[in-house]
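The values are calculated or read from the model by the stated rules, or taken from the named source; none is laboratory data. None of the values given here were measured: they were computed from a predicted structure. All Cβ positions, glycine included, derive from the backbone under ideal geometry; neighbour counts span all protein chains shown.
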């Protein structure tokens, strides 16, 4: 099927559209449920206010994106209440060249997190500035 310069509402149910492509498409308010989107590529797209729920995002790669106001909730591995340690060790979450400035992490498991070459000025842990915690630790030695 080929649609060009059309304005239609399309309903696709129990179908295989593998290999399909969409270019210069306006697809606001589209709903995708119970779909296998393995290997999907999105380039130069506006995902403002997009909602993803009950999804497997393993090996997801996001590059060159803006995320002001983005919210990540109940994110983990197979079971949000009991993550699989061996999976986390084999395939750790990675943030590279990202700005988490003014971000807030609440009730998150940050055990064994490594910060490498990061600006941590103003970083607060449970209301304490990291600079003060480091100073206390250094002076107690």
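For residue 69, work out the one condition from (1) more than 12 Å from the chain's Cα centre (by Cα); (2) part of a loop (DSSP other than H, G, I, E, B); (3) at negative phi; (4) at pLDDT below 90 it doesn't fulfil.
Status for residue 69: all satisfied but (3).
Conditions first: (1) at pLDDT below 65; (2) assigned to a loop (DSSP other than H, G, I, E, B). Residue 89 passes all but one, so which condition is the exception?
Just one mismatch for residue 89, condition (2).
Of all residues in region 109-125, which are at pLDDT below 90 and under 22 Å from residue 69 (Cα atoms)?
Residues satisfying the conditions are 109, 110.
Under 8 Å between Cβ atoms, at least 6 apart or on separate chains: pull out the pairs that start in region 17-37 with a residue that is within 15 Å of residue 53 (Cβ to Cβ) and end on any residue that is loosely packed, with under 10 Cβ neighbours inside 10 Å.
none
Does residue 48 meet the test of being in a loop (DSSP other than H, G, I, E, B) and over 21 Å from residue 99 (Cβ atoms)?
no
Exactly one of (1) farther than 30 Å from residue 19 by Cα; (2) modelled with pLDDT of 90 or more; (3) within 15 Å of the chain's Cα centre (by Cα); (4) surrounded by fewer than 10 Cβ atoms within 10 Å (Cβ to Cβ) is unmet by residue 105. Its number?
(4)
Only one residue in 30, 25, 13 is more than 30 Å from residue 102 (Cα to Cα), at pLDDT 90 or above and within 21 Å of the chain's Cα centre (by Cα), so which one is that?
Going through 30, 25, 13 in turn, the sole match is 30.
Based on this model, can you work out whether residue 63 counts as loosely packed, with under 10 Cβ neighbours inside 10 Å and either touching a residue at least 40 places away in the same chain (Cβ under 8 Å) or closer than 21 Å to residue 76 by Cα (or both)?
Considered against the rule, which asks whether it is loosely packed, with under 10 Cβ neighbours inside 10 Å and either touching a residue at least 40 places away in the same chain (Cβ under 8 Å) or closer than 21 Å to residue 76 by Cα (or both), residue 63 comes out as yes.
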